[in-house]
1. Can you give me the ranges of the helices (runs of 4 or more DSSP H) entirely in segment 141-252 with at least 1 residues that are open to solvent by 50 Å² or more (accessible area, probe 1.4 Å) and hydroxyl-bearing (Ser, Thr, Tyr)?
2. Can you pull out the strands (runs of 3 or more DSSP E) entirely within segment 1-106 that have at least 1 residues that are farther than 21 Å from Ala161 by Cβ, in contact (Cβ under 8 Å) with a residue 12 or more places away in the chain and touching a Pro at 6+ places or on another chain (Cβ under 9 Å)?
3. Can you tell me which residues in segment 26-44 are of a type in the set (A, V, I, L, M, F, W, C) and open to solvent by 10 Å² or more (accessible area, probe 1.4 Å)?
4. When only residues in segment 118-136 that are part of a helix (DSSP H, G or I) and without any contact (Cβ under 8 Å) to a residue 40 or more places away in the chain count, which is most open to solvent (accessible area, probe 1.4 Å)?
5. Within segment 92-103, identify whether any single residue is basic (Lys, Arg), under 30 Å from Gln20 (Cβ atoms) and open to solvent by 50 Å² or more (accessible area, probe 1.4 Å), and answer yes or no.
6. Is it fair to say Glu14 is farther than 23 Å from Arg182 by Cα and open to solvent by 60 Å² or more (accessible area, probe 1.4 Å)?
7. Please name all residue pairs, on different chains or six or more residues apart, with Cβ atoms under 7 Å, provided the first residue is in segment 160-184 and is within 21 Å of Asp150 (Cα to Cα) and aromatic (Phe, Trp, Tyr) and the second residue is open to solvent by 50 Å² or more (accessible area, probe 1.4 Å) and in a loop (DSSP other than H, G, I, E, B).
8. Which residues, taken from segment 269-295, are assigned to a loop (DSSP other than H, G, I, E, B) and either open to solvent by less than 70 Å² (accessible area, probe 1.4 Å) or modelled with pLDDT of 90 or more (or both)?
Amino acid sequence: MELKLTNLTRQFGEFTAVDQLNLTMTDGVYGLLGINGAGKTTLMRMLCTLLKPSSGTITCNGRDILHMERDYRNLLGYLPQDFGFYPDFSVEDYLLYIASLKGIPRSVARRRTQTLIQKVGLQKQAHKKMKKLSGGMKRRAGIAQAMLNDPEILILDEPTAGLDPNERIRFRNLISEAAEERLVLLSTHIVSDIEYVANEILLLKEGRLLRRGTAEALAASMTERVWNCYVEKKEVARLMKIYKISNVKSEAHGAWLRIISPELPLPGAVEEEPTLEDVFLYYFGEKDGGANAEL
């Protein structure tokens with residue numbers, strides 16, 4: 001499977017959400033990272049033919065996806081940030097309903113529904129109404145519906161929103177299993193999810209592909225270093241205005257700071273190996289501390 005984006009652009013009036021994007025993806029898991037407004041959702045909606053590009057093309061194995069119509073949609077599974085459902089449907093009925101919309105034969109739909117209910121851990125909620133589910137359980141049902149047609153291309157927009165740590169582990173295992181012989185593209189604000197599950201990470205900034213590579217390669221691309229140091233609490237606010245700080249761990253009389261800086265920021269600071277969160281802050285963060293809320 002190959003998806004190729006060539007000079008892909010999407011404008012909304014004078015605002016350019018995706019700007020001359022060139023990208024080729026094959027089978028594997030791709031993690032899409034960027035701050036709010038980077039163009040991630042717009043890109044995913046174009047890949048799902050929900051938005052038409054202002055210019056440029058997307059091809060699937062050499063064919064324009066807008067010309068493939070149903071042939072392309074049959075290959076596709078999609079979980080948007082907010083997905084619709086009938087609140088009085090049970091989980092099982094909801095999945096069977098979505099399967100019918102996708103044209104899946106009823107016998108196959110029943111088998112796939114039962115398998116996916118088990119995989120996403122909703123066995124006890126299978127006959128519970130959707131409106132009675134927690135946010136995390138609704139998200140699990142959304143992941144299941146995206147996989148009903150056993151898609152060759154799986155696109156997941158913020159799939160771990162509302163999931164607790166155990167559910168995120170379940171999700172990562174599910175994606176790792178699903179990624180065999182298919183293309184998976186996912187975005188999330190939980191950086192560790194991408195770090196663990198993605199074969200390649202795409203950094204998107206202002207609608208452009210800033211950099212791509214493994215977590216290790218992106219960390220190696222940083223021209224600044226990561227330091228860990230202990231400071232008095234009264235110093236934290238001042239230092240956050242001077243440096244990019246990816247983590248603050250408070251203690252009784254002070255705080256441990258994780259600082260991104262080309263040089264030793266303070267006497268006694270110890271150099272650390274960079275993580276993907278450090279990479280995120282390095283490329284997208286600011287020195288005033290506001291960006292730390294994104295991590």
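The values are calculated or read from the model by the stated rules, or taken from the named source; none is laboratory data. In this text, all values refer to a predicted model and were calculated from it rather than measured experimentally. Don't worry about glycine lacking a Cβ; one is built from the backbone with ideal geometry, like all the others, and counts go over all protein chains shown. The protein model used for the area step is the full one, side chains on, heavy atoms only, and it has no ligands, DNA or RNA in it. Shrake-Rupley method; radii C 1.70, N 1.55, O 1.52, S 1.80 Å.
1. Values: elements: 165-178, 191-197, 215-221, 233-242.
Per the criteria, 165-178, 191-197.
2. On the way: elements: 3-12, 15-25, 28-33, 55-60, 76-79.
So the answer is 3-12, 15-25.
3. Ile35
4. Once the filter is applied, the top-ranked residue is Lys124.
5. Of the residues in segment 92-103, the ones basic (Lys, Arg) are 102.
Cutting the leftovers down to under 30 Å from Gln20 (Cβ atoms) gives us none.
Among the residues of segment 92-103, not one is basic (Lys, Arg), under 30 Å from Gln20 (Cβ atoms) and open to solvent by 50 Å² or more (accessible area, probe 1.4 Å), which makes the answer no.
6. Judged against the criteria, Glu14 is a match.
7. none
8. Ala269, Glu273, Pro274, Thr275, Gly285, Gly289, Leu295
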